[in-house]
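In what follows, a structure is listed as structure tokens, so that the remarks can point back to it.
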Amino acid sequence: MVHDLYILMITAGVVSLLFKLLKQPVVLGYIVAGVLVGPHLFGENLVSMENVETWGNIGVLFVLFCIGLEFRLKNMFESGKVAIVGVSTIVLGMLALGFGVGQFAELNTMNSLFLAAMLCMSSTTIVMKAIDEAGLSKARFVKGATSILIFEDIIAVVLMVLLSSIAVKNSFEGGELLEKVGILALTLAVWFICGILIIPTLLRFVRPYLNDEILIILALGLCLGMVLTAEEAGFSSALGAFVMGMILAETLESHRIEHLMAPLKNVFAAIFFVSVGMMINPTSLVTYWPSILFVSAVIIVGMITFGTLGCWWGGETLKDAMLTGFSFVQIGEFSFIIAALGSKLGVTDPVIYPIIVASSVLTTFLTPYIMKAAIPCYNFIYNHASSGLREKIDLREQQVEQAEKASEKTTVTTGSNRAEKVRHAVRGTYVTKRLVDLFIKNMSENDQPANE
């Protein structure tokens, strides 16, 4: 096992360093490292696939736990209409487009469903890194884009649960699917509300005794406890890790936990992406290159179209909507996880996996260059638009600027007003009122300065 870990780490480190020098995402380096140590390139296993798969599964849990830690209900509420309309347009549009591609390729219903799920999720990690490297991290569109990505992560986890249920029974029943969604929504609500009421309060009581060592052990214990709870409830372990991350994101220690988790997440995420690369057969990439190019084109065109339309319909300016759409032109970690899920359950065609991974690599490589084309494309559309469309674009710009100014004036009182409305709604019930007070207090903890 130590020998396997040594091969994985040294290969991933050297290759990712090379990719960093070439100014390419290190995720691509991990995948290439997986191809190098995998059984297909040199015809022999340099490492044990069983060990790598085990570490990769742990990596998925840590990645989803950390994604959950980045989830903030306050940010989601602030984005409001843009996030909801944007994510609905992107996910529904790409699901329909992906399913259509599957049917066009004469895949069966199960394969088409999995393919659709793989194509509808952009990579949070890659998008945010590309935005940061482009110097746009403070741009106006980033808040809405981040909220959309968070919603996509939640939907991806839900899709994994639903696809697992459909795959096990090998059937698609609308009534049963709705029942499953309802049970999942109720379970999530109970977990999240109970977690917000209990865990932040307990952490606040023991906060004076929480050094870094105890905090990280406690956080991992809570994460694994929720993983086991999710498995006992019949849901995926990934869902449990993500939910516990969401709960801890609303505590005063969230940023500290996120900081402490970063090294573990990076190590096990690297192993996961290496395990993804180990499943790629370079020969199949040569054989299926037309399919890879076609799927990549579908991802790029679909994400630009639905991302731009969704954000525009959600109330963003055309420029911000196009910047968001042009930054979403890749698929990433959740696509790999869903592809691996289909392979593990034995319900997807083996050829889909390498095509999806290769398409992800290609679209990730192209993301920075496509993002740079957003502003020139916007200028072209604006300059060649009809007078009526140009007036709408200008009017939306004015409306967004006015809304920003109004938001700055009301930021101080918004939280207290919202809290007072909730308290007023439950004033007649003392117990409920106390629970709501506790919920609001815990929800607002992470807004306080860290040195309080």
Fill in the blank from the handout: Diffing region 199-206: the Karplus 3J(HN,Hα) column from phi (6.51, -1.76, 1.60, θ = phi - 60°), in whole Hz with x for Gly and Pro, holds 4, x, 5, 5, 5, 5, 5, 9
Fill in the blank from the handout: For region 384-396, in residue order, the Karplus 3J(HN,Hα) values (coefficients 6.51, -1.76, 1.60; θ = phi - 60°; whole Hz; Gly and Pro = x) are 9, 6, 5, 4, x, 5, 5, 5, 5, 5, 5, 5, 4
Handout entry: Tally of Lys pairs whose C-alpha atoms are under 20 Å apart, taken over region 53-379, 8 or more apart or cross-chain
Key = 15
Practice task
Assign unit charges at the C-beta atoms only (+1 for Lys and Arg, -1 for Asp and Glu), then state the dipole size of region 53-379 relative to its Cα centre in Debye, rounded to the nearest 20.
Solution key: 640 debye
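Values in this text are rule-based calculations from the coordinates and carry no lab data. The structure displayed is predicted, hence computed values, not measured ones. FYI the Cβ positions are ideal-geometry reconstructions off the backbone, even for glycines, and counts take in every protein chain you see.
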